[in-house]
Number of protein chains: 2
Amino acid sequence: MKRDYTLYLVTEESVPEDRLLHIVEAAIKGGVTMVQLREKSTSSKLFFQKAIRLRELTRRYDVPLIINDRVDIALAVEADGVHIGQSDLPLAAVRRLVPSSMLVGVSVSTVEQAKTAQHHGADYIGVGAVFPTQSKKDAKVLPPGMLEQIIDSVTIPIVAIGGIKIENLAALSQLDITSIAVVSGIMQADEPYHAARSFMEGMRNR
Amino acid sequence: MKRDYTLYLVTEESVPEDRLLHIVEAAIKGGVTMVQLREKSTSSKLFFQKAIRLRELTRRYDVPLIINDRVDIALAVEADGVHIGQSDLPLAAVRRLVPSSMLVGVSVSTVEQAKTAQHHGADYIGVGAVFPTQSKKDAKVLPPGMLEQIIDSVTIPIVAIGGIKIENLAALSQLDITSIAVVSGIMQADEPYHAARSFMEGMRNR
């Protein structure tokens, strides 16, 4: 499994299964290097069913599949990783539940959270929101300079997340950011394949 | 661990942690033989925190603790069991995730669901709703005769659930039911200790 965080797709909630599969496959063909399945209000049964199908799809393309929050579903479908936020199970508890080969990512928005995540064995951190976002309503935009401070405080990979669009990608170019997570910029694109290609080009030309 | 399903308390959602602990302890002192922690809209973090504290409490009284739906939280707190509904992870997937010593219960409302649960290794089934209930809004009352048919169709323990109150306990007395699950009848009682005692007396005098 290639651990390439460059263009990390986070799915949107409650997208019907077939449509979800269609978007993710197009996005992978367009260059997405990692996929996180995120469902917050869906039943465990439907979440699991989507995870099973994304597991099959992502394995076919050798793209890592990460499950948001639900460690049990990550284990049940043999996902490549699990991603937790500050309101999910504590990192230490998650690390005890999963095999050491399983990636564990943590969402952080402060230097302290970033350092704690690295200290407790996170494989990477998601840092945001770097821009205003509608995909995650409770996500606050980072105060000026915070992303830079977090970049300086840890050595594990950092994925910038939150409201990243083709139009604002350039605004991240001064920063030492090599990976971005995209939600609506791909999930709601008319052509997810072309959207993913544009993001990849944007990342290469920085 | 005693596997006694006689008076099985299912907690209500979103009860503040300290109050929850207080009610459950009083109910155990009053005779509750098993406790299921059920949270549907709470964050994983708060669910986990409640589970940790209930784990400590129930162990002190040697009463089994069951976690609803979240297999990861059940594993993380070393609960005695996990309880799944028809919209949760499939039983077969759950069985693969948990140690064989962990109880797995399944909610059913038809003969087919009951037989399937037993076939796939459920330790017990919860059958309901036996009466109209406000605690679980999507729970439909069983059609007449269904509870009897389910009782006749499986050999694993059966816990009747749904709207069971002191006042309607007698209505179950013609049936071969030795275990009841109570939610609001204890959780919303002025005196959870006395409520639990009354239920236990009602069960003994049947």
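Readers should treat all values here as calculations from the given coordinates under stated rules, not as data from a laboratory. Since the model is a prediction, treat every value here as computed from it, not as a measurement. In this analysis, Cβ positions are derived from the backbone assuming ideal geometry, glycine residues included, and neighbour counts consider all displayed protein chains.
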Anything over 27 Å Cα to Cα? Flag those among A:LYS45/A:LYS140; A:LYS115/B:LYS45; B:LYS29/B:LYS140; A:LYS115/B:LYS40; A:LYS40/B:LYS50, in the order listed. A:LYS45/A:LYS140; B:LYS29/B:LYS140; A:LYS115/B:LYS40
Where a ≥ b ≥ c are root eigenvalues of the Cα gyration tensor, a/c under 1.5 meaning rounded, otherwise prolate if a/b exceeds b/c and oblate otherwise, the stretch A:1-107 counts as oblate
Among B:LEU57, A:LEU169, what is the fewest-to-most ranking by other Cβ atoms within 10 Å? B:LEU57, A:LEU169
Could you name the residue in chain B with the C-beta closest to the rotation axis that superposes chain B on chain A, along with the separation in whole Å? B:ASP72, 2
Shortest first, in nm, what separates the label point of B:HIS194 from those of the same position in the other copies (7 Å along Cα→Cβ)? 7.2
The stretch B:7-204, dipole about Cα centre (Lys/Arg Cβ +1, Asp/Glu Cβ -1), debye to the nearest 20: 280 debye
About its Cα centre, how strong a charge dipole does the stretch A:92-186 have in debye, to the nearest 20, once Lys and Arg get +1 and Asp and Glu get -1 at the Cβ? 340 debye
Taking chain B and dividing mean pair separation by its residue count, relative contact order in percent (alpha carbons under 8 Å, at least six apart): 23 percent
Under Stokes-Einstein, the stretch A:62-206 at 25 °C and 0.890 mPa s, with its Kirkwood radius over C-alpha pairs, diffuses with a coefficient in µm²/s of 155 µm²/s
Between the stretch B:151-206 and the stretch B:63-78, the alpha-carbon center distance in angstrom: 23 Å
Across the identical copies, how the A:GLU13 labels are spaced - nm, sorted shortest first, 7 Å along Cα→Cβ: 1.3
The protein assembly as shown: Rg/Rh from Cα coordinates, Kirkwood Rh? 1.04
In what order do B:SER109, A:SER135 fall by count of nearby beta-carbon atoms within 10 Å, going from fewest to most? A:SER135, B:SER109
Proxy exposure order for B:LYS137, A:LYS50, B:LYS2 (fewest C-beta within 10 Å first) is B:LYS137, B:LYS2, A:LYS50
The size of the Cβ-based charge dipole (Lys, Arg +1; Asp, Glu -1) of the protein assembly as shown about the Cα centre, to the nearest 20 debye, is 260 debye
